[in-house]
Every structure is written in C-alpha cells, then in structure tokens.
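Written out below as structure tokens is the structure these notes cover.
The values are calculated or read from the model by the stated rules, or taken from the named source; none is laboratory data. These numbers come from a predicted model, not from an experiment. Counting neighbours? That spans all protein chains shown, and the Cβs are built from the backbone with ideal geometry, glycine included.
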C-alpha cells in the first residue's frame with residue numbers, strides 16, 4: 001500500500017493552542033507528528049485586524065529508530081512484520097449483498113488496520129464486517145474486530161489509544177477511497193462495554209432535556225457511538241434525537257417533543 005502521510009490543519013488564536021487542539025483531535029502525543037506553522041497569526045492593532053494561527057500536523061509514517069523495547073506482555077512477538085496479524089473472513093458477511101464500493105471499503109479498511117497493527121508490533125486476529133447505520137442518511141458502518149491475548153495496550157486510558165487508532169485508520173481509509181468511510185474498531189469486546197455507558201448517558205441527557213425543556217447537544221462522536229444513543233432513545237415518548245454537523249465532528253442532539 002502506498003505510504004501517504006496523513007495531515008490535519010488546525011486554526012486557533014495562537015500557535016500553541018492550534019497545536020494542542022490538533023493533538024487532541026488526533027488523540028496522540030506531539031512526538032508522533034511533524035508540526036508545520038502555515039501562519040503564525042497576528043494580534044492586530046488594539047485587537048482589530050488580527051489573524052488566527054494556522055498549523056499543519058502530519059502523522060509520522062515511520063517510527064523513530066530506537067533500541068528494541070523489552071517484551072513485557074504476551075501481545076508482542078519477535079515475528080517479522082507481515083507475519084504477526086492474522087486476517088479472518090467474517091462469517092456474517094454475505095458478499096453478494098455488498099456493492100462494489102462496499103467491498104472495496106472493506107478490503108482497504110482491513111489492509112490499513114492490519115498494517116497499523118503490524119507496525120505497532122501487536123500480535124492479533126482481525127475480522128471485518130458491516131453493521132447497520134444509525135439512520136437512512138448514513139452508510140453502513142465497517143466494524144473491525146480485533147482479538148488476541150492481553151490487548152489492553154490497544155485500548156489505553158479512557159480508550160484514548162483505541163479512539164486514536166480508529167480515527168487514524170478512518171483518515172487513512174477515507175484518503176485512500178476519496179470519501180469519508182464510517183468505521184468502528186473494537187478490541188476484545190470493549191465497545192460493548194462502552195455501549196452500556198453511552199446508553200446511560202443518553203437516558204440521563206434525555207431527562208435533562210425534559211426537565212429543562214431545551215435541546216441537549218452531546219460531544220462529537222463517531223457514527224457507531226451516535227447509533228447507540230439513537231437506538232436507546234428511538235422509542236422514548238418524550239424526546240427525539242437527531243444528528244447534526246459533518247463527519248468526523250457529527251453530534252447527537254436530544255430535544256423534548258412539542
């Protein structure tokens with residue numbers, strides 16, 4: 001697969017703030033990106049005529065050379081790259097029911113995730129499939145299920161590593177295909193546990209919408225997480241849910257029924 005660099009441009013009042021916002025969106029640390037200041041910005045005269053800073057963050061495609069780390073868990077291996085990740089065909093997919101675009105998206109998604117895991121030196125089994133979209137406006141969601149021994153390294157604190165892996169994989173896949181592709185990556189059933197938390201959040205925000213009489217806007221979520229909240233509240237007698245905004249910053253809103 002061609003090694004194209006993934007970039008993100010961010011605009012903010014200051015250069016430091018733009019870099020910090022970009023790293024937060026990517027969910028990675030500064031040593032994992034190359035920073036290019038496109039416009040340092042200016043304050044203007046008495047706050048008038050100023051410009052915001054604009055920076056470009058480029059995810060490094062090759063890790064910096066370092067000494068081989070000591071292997072501390074069973075998810076690492078001395079196997080050469082290309083022999084660590086096993087690909088398993090999903091038994092739930094009827095390939096005859098997929099369009100050519102869906103087949104291509106599934107293939108590219110699998111390739112990207114396998115290569116990322118190989119570069120992370122993680123030994124695992126990868127199985128891709130599709131799940132239903134949250135509404136008629138969205139595509140079916142690609143689910144990449146990762147199984148293996150002790151893969152907590154892929155989840156991280158508060159799922160930061162998993163969200164970063166999912167976001168970076170989505171960016172690369174979307175760049176390869178020239179369009180945004182909804183994707184979810186799950187590791188050893190973590191997303192199922194996260195689903196329970198999201199359902200609780202949805203019910204809580206629905207109560208707030210009813211009590212205040214005002215629409216509640218949740219933080220931006222990937223399509224798979226929005227879907228959980230929509231499904232949890234779809235039969236609620238007193239609120240309605242909608243998605244607003246563009247990917248990957250689409251949000252769920254919960255509003256009281258008139």
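Scanning the stretch 156-166 for residues that are surrounded by fewer than 20 Cβ atoms within 10 Å (Cβ to Cβ) and under 25 Å from residue 232 (Cβ atoms), we see that the one that is modelled with the highest pLDDT is 163.
Residue by residue, here is whether (1) modelled with pLDDT of 75 or more; (2) at negative phi; (3) surrounded by 14 or more Cβ atoms within 10 Å (Cβ to Cβ) holds:
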{"position": "17", "(1), (2), (3)": "yes, yes, yes"}
{"position": "27", "(1), (2), (3)": "no, no, yes"}
{"position": "46", "(1), (2), (3)": "no, no, no"}
{"position": "62", "(1), (2), (3)": "no, yes, no"}
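The lone criterion from (1) in the same structural domain as residue 115 (by TED's automatic domain parsing); (2) more than 13 Å from the chain's Cα centre (by Cα) left unmet by residue 163 is number (2).
Residue check: residue 56 meets all listed conditions (1) at pLDDT 75 or above; (2) closer than 26 Å to residue 157 by Cα; (3) surrounded by 13 or more Cβ atoms within 10 Å (Cβ to Cβ) but one, namely (2). Among the conditions (1) assigned by TED's automatic domain parsing to the domain that holds residue 244; (2) at pLDDT 90 or above, the only one that residue 227 does not satisfy is (2). Quick one: count up the residues across the stretch 176-204 that are crowded, with 20+ Cβ neighbours inside 10 Å and part of a helix (DSSP H, G or I). Counting residues in the stretch 176-204 that are crowded, with 20+ Cβ neighbours inside 10 Å and part of a helix (DSSP H, G or I) gives 3.
State the number of residues belonging to the stretch 214-229 that are touching a residue at least 40 places away in the same chain (Cβ under 8 Å) and either more than 24 Å from residue 171 (Cβ to Cβ) or in a loop (DSSP other than H, G, I, E, B) (or both). Working first, answer last.
Step one: filter the stretch 214-229 for residues touching a residue at least 40 places away in the same chain (Cβ under 8 Å), giving 214-215, 222-224, 226-227.
Okay, now just the ones that are also either more than 24 Å from residue 171 (Cβ to Cβ) or in a loop (DSSP other than H, G, I, E, B) (or both), so 214-215, 222.
So the answer is 3.
From the list 102, 118, 134, 36, the lone residue that is surrounded by fewer than 18 Cβ atoms within 10 Å (Cβ to Cβ) and either part of a helix (DSSP H, G or I) or at pLDDT below 75 (or both) is 102. Restrict the check to the stretch 208-222 and report whether at least one residue is loosely packed, with under 14 Cβ neighbours inside 10 Å and under 17 Å from residue 132 (Cβ atoms). No, that holds for no residue. Looking at residue 173, is it over 30 Å from residue 217 (Cβ atoms), surrounded by 18 or more Cβ atoms within 10 Å (Cβ to Cβ), at pLDDT 90 or above and under 17 Å from the mean Cα position of the chain (by Cα)? So residue 173 fails the test.
Kindly check whether there is at least one residue in the stretch 234-257 that is surrounded by fewer than 20 Cβ atoms within 10 Å (Cβ to Cβ), in a helix (DSSP H, G or I) and more than 16 Å from the chain's Cα centre (by Cα). Checking the stretch 234-257: not a single residue is surrounded by fewer than 20 Cβ atoms within 10 Å (Cβ to Cβ), in a helix (DSSP H, G or I) and more than 16 Å from the chain's Cα centre (by Cα).
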